[in-house]
Every structure is written in structure tokens, then in C-alpha cells.
Amino acid sequence: MSLTSDLHAGPGDRFARPSAAAFTGGFLALALLIWSFSGSELSAEKLIRGIPAMGNIIGRMFPPDLGRLDAILASLASTFQMAVSGCVLGLVLSFPLAILAADGLSPHPVIRALSRGLIAFFRTVPDLIWALFFVIAVGLGPAAGVLALMIDTIGYAGRFFAEAMEETDKGPREALSTIGASRTGLIFSAVVPNATPSFIATSLFCVEKATRASVVLGLVGAGGIGVELKVAFDLFDYDTALTIILAVFALVVLVEQVGGYLRRRII
Amino acid sequence: MSGLGLPALPDNGSPRGPVVSLAGLRKSFGQRRILDGLDLAIPAGESLALIGANGTGKSTLLRMIVRLTEADEGRIEVLGEPVRQLGGASLKRFRARVGVVFQKHNLVARISALSNVVHGVQARRSGPRSWAQCLAPKAVREEAMACLEAVGLADKAMQRADSLSGGQSQRVAIARMLMQRPELVLADEPDASLDPRAGREIMELLFRLTRDKGLTLVFVSHHMAHAIGFSDRIVGLAQGGIAMDRRALHCREAELAAFFEEAPVMASAETMAKPVLEALA
């Protein structure tokens, strides 16, 4: 058919029937959704029945009880210490691991695959599971939390550090390689300076992430303010629980704001 | 004197062997043969301009000299080293003796011009003291400053590389190459992507610096005036080999332009036209 006759044939059918594959895909997606909700035991009846209870809890939270504010702030400081130390340890260990995992920088494909596998394993196991593991290994308290946050940070920062280094401009690398520079010289002279903004952004995000995570880790005995929160809920001490939640909220917002400011200033 | 009144090739009266010796060099990319049995000898101290249409293998040839690209066949002997037989540490030692100036300056963007020049010392020494100017020993910093001085950019030493103009960046890249203390300099279109004045200044600088030190210079350029003005010898590539080899003094721009017009690239007309014909079908 000529181009001219095509032009005069008018617009095509705008509501074409979906293909068999598209229809099957849509059907499977719907089935997955229904199956997921059926397992969640969530129902409108439960929600409606739960509203008075929720109102009751929220009502009992007000006004927040500031009687234990000193202890809560001390616990919050301990949580932040845990977050910073776990995160910094994780970032420091992420760097060499990321070099081993980065395409074009790793000394051998097997080492690269193993490093990537280790980073992926650290990332896929949730921090709460790591905390449970370290509570058993080193006992209750912040040390377990620090180790859990360290592993969680390696899983996250290791991947992003490696990607940042892989994405740097290949030109300076080639120029230094042509000079006869060593692999270490090439990494620290040509790759690291160009990847620094990404390293900073990732590190700041890791601190924010670790601060949020450190609150939850206390629920499984890994120290910090999470322990206080769990005790407050267990004792139906909801007004103290609100004080703790507000303190955590203030800390997380503060860390995020400072992180955002530093990102803007440095990058 | 060369074409633009620049210093002539030093003649110390002693015959020197070729710095670069290529024999029977072959290179293909897929079905497309770029070089087909190329032979070339470049004596010490000579400035040689490589010209030719796009796809005739000029850049590939330069890259094969430092083994950034592997040759399929042939012998490459540079500075007395059998380049194709080198590997690991011996290849690094050889590369340290050859300075390469790329079309794209390839500077590390986020650090100072001085730190970029300090990197050139990695041809001779490794370790953290060669990674940045702030870590470098005083002697290295002073040498790097002297290299920047030589390219006329001492006042920009602490300026970040990504804040420099194209011409200034190329000057820093030349300073980095000088810091390397090379015995042979290869330059792949150092005058490309620069305005005519900056391009000419870069070529003049490169030529003067290499001539002053008695270094051999091999450069690729699409500017006929630069090929004539800054070389002793012009080699034109076409059809996988050398289609023209003349002293620069005897060349005229019009003749070189005619060479571009008349000399076909190695790939057959059928190979070149195939994608176009397919697109039209």
C-alpha cells in the first residue's frame, strides 16, 4: 500500500484488544493483589472496630509526660551515638569493599563477584535480623546495635560507593593508566576525587538512615531509645511513649536538615 | 626552520636509530580493516604529523604504539622495546617513557591544576605522595610548578581543573605530560575542539617544548596549516597504509587538502555504503 493511501485510510483502531500475554499478565497481577489482601486479614469491619481503640490510645498519649525527659534525652543521645559509630564503621569498611566490587577497579573478576555477593547479602538481610544475631552474639546493649548498623551500612554504602566509582569519567583513568600509574594511584588520583560528591551524599544519607534504624533496633534489645519505647508501650504508659516519639521525630528531622544543608554546601 | 619559523630539527651530526619502528602492522575492527601491513620508522627528535580522513586509523595507530589498542599482526618497536611482547610491570615501565596528549584533556575535574600536574610523577614513583599537590614532597611540587610555568599557567596552579577553559585544560594536560619526563610524545588531535587561535597556540607550545628537549613528537591533526607548520614530516594514511610521506617543508596546504579529497579510506565502498543502503531500503 502506498504512503498516500495510508494517509487517507483514517486513524487506526484506538481501542485495540489487549494481547493474550498482556491479558494474562493483568490477570496474574490482580490475582496476586487479591491473594495478598486475603492473607493480611485486613477488613473494613476491623478498621471500624479499631477506631475507638486508636482514639483511646491517642487520647491517653496527651498531654505528653515530660517527667522522664532527662532519661529519655540520655537514651536518645545513646541512640545517636550508636547510629554515628555504627554508620562510620560501616562507611570505613564499605570503601575498600566497594573498590573490590567496582567494575574496572577490582583486581580480579572472582574477587569482584565475591565482594558484590557479600554486599548484596548484607543489604538483603534486614537490620532487625542483624540486631537479633548480634544480641545473641555479643549480648544486650548498644554494641549489638552498632554492629547491626555497621553491617547494614556496608550493604547500602558498598553498593553506592562501587557504582559511584564505576560512573566516574574514564578519561582521567586512561590518562593515568597511559602514564604507567599503579592501580592504587589511579584509584586515589583519578577515581576518588571525582566520586567524592557521591560519597558525601551517600554517607550523609547513611547517617540519616542509621539514625532512623537505631530507634527500632532497641525493640529487640540492641540498646538505645527503642528499649524505652517498648517498655512505655508494654506498661501502657502512652503519654511517656508520645514524649519518646516526639524526641525521636525531633532527632530524625534535625539529622535530615543538617544532612541536607551539608549536601547543599559541600556538593 | 619549519613552516612557521619555529626551531628546526636538531642536527648533532650523529645518526640516531628510529624511536618508533612499525612493520607489517594490521588491525581490523570486526569486518572492517583499518590498517593493512603498515610500515613506518620515526627517527629520534623528529616531529611527525599523521593526517588522513576519519577512519583511516590515525588514532588507532597512536594507541597501538602505547598498547592501549592491541594490533592484530605486525611488529611494534618503540624506544627499543618490543611493545607487543610487554606485559605487567614492563608495560608500565615502557608507558612511563611515552607522554600522551589526548584530544580530550582527561584532567581530574574536581582537583587543582597543580594536583593534575603532580599526577604526572606517577610515571616514576607511586604512593600517596604522588596523589595530590598537598601530599607531594617539595621537590615534586616545585617541578610541577615549573611545568605549569612552561605552559604559561603558573598563575592558575590552585584553580580547579573544571573551571579552566578548553585551551587552558589542554595546557595543563601538556604540563602533566612534561612532569612525566617522557622520551617520546604522542598527541591525538590536541588542537581539536579548540578555537583556531587556542588550537594554534597549543600546537606551537607542544612543538616548542618537544623541540627544546629534543623529544620525538608524533601528532594527529586535521588542520593542514598545523601539520605543515609544526612537523618535519607529514605522513598521510589511506587504504590501510601510508599513501603519502613527505617533508613538511615541501608541502602546501592545497596539496594536503587534495590528498583528503582523493585518498579513500581502507574500507571498501560497499562496506561503507552498506548501512546507508540498508537504511534507504
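The values are calculated or read from the model by the stated rules, or taken from the named source; none is laboratory data. Because the structure is a prediction, the values reported are computed rather than measured. With ideal geometry, Cβ positions are generated from the backbone for all residues, glycine too; neighbour counts draw on all protein chains shown.
Within the stretch B:126-153, the residues that satisfy the criterion of being facing chain A (nearest Cβ under 9 Å) and assigned to a loop (DSSP other than H, G, I, E, B) are B:Ser126, B:Gly127, B:Trp131, B:Ala132.
Filter the stretch B:44-60 down to residues that are of a type in the set (A, V, I, L, M, F, W, C) and closer than 18 Å to B:Glu183 by Cα and give me whichever is surrounded by the most Cβ atoms within 10 Å (Cβ to Cβ). Among those residues, the one meeting the criterion is B:Ala49. Please verify whether A:Arg159 is more than 14 Å from chain B (Cβ to nearest Cβ), surrounded by 17 or more Cβ atoms within 10 Å (Cβ to Cβ), among the basic types (Lys, Arg) and in contact (Cβ under 8 Å) with a residue 12 or more places away in the chain, treating the condition exactly as stated. Considered against the rule, which asks whether it is more than 14 Å from chain B (Cβ to nearest Cβ), surrounded by 17 or more Cβ atoms within 10 Å (Cβ to Cβ), among the basic types (Lys, Arg) and in contact (Cβ under 8 Å) with a residue 12 or more places away in the chain, A:Arg159 comes out as yes.
Scanning the stretch B:82-102 for residues that are within 19 Å of the chain's Cα centre (by Cα), buried (at least 17 other Cβ atoms within 10 Å of the Cβ) and more than 7 Å from chain A (Cβ to nearest Cβ) yields a total of 6. Determine if the stretch A:195-208 includes at least one residue that is in contact with an Asp or Glu (Cβ under 7 Å, 6 or more places away or on another chain) and more than 14 Å from chain B (Cβ to nearest Cβ). Yes, the stretch A:195-208 has at least one match. Only one residue in A:Arg112, A:Arg123, A:Arg173 is assigned to a helix (DSSP H, G or I) and within 14 Å of chain B (Cβ to nearest Cβ). Which one? Matching residue, one of A:Arg112, A:Arg123, A:Arg173: A:Arg173.
Condition check ((1) under 30 Å from B:Met224 (Cβ atoms); (2) among the small types (Gly, Ala, Ser); (3) not assigned by TED's automatic domain parsing to the domain that holds B:Ala225) across all residues:
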residue	(1), (2), (3)
B:Leu50	yes, no, no
B:Ser59	yes, yes, no
B:Gly74	yes, yes, no
B:Glu81	no, no, no
B:Ser126	no, yes, yes
B:Ala139	no, yes, yes
B:Glu142	no, no, yes
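Within the stretch B:45-74, the set of residues being part of a loop (DSSP other than H, G, I, E, B), closer than 17 Å to B:Arg95 by Cα and among the aliphatic types (A, V, I, L, M) comprises B:Val66, B:Leu68, B:Ala71. Residues considered: B:Ala198, B:Ala254. Of these, the only one that is surrounded by fewer than 20 Cβ atoms within 10 Å (Cβ to Cβ), without any contact (Cβ under 8 Å) to a residue 24 or more places away in the chain and out of contact with any His (no Cβ under 7 Å at 6 or more places or on another chain) is B:Ala254.
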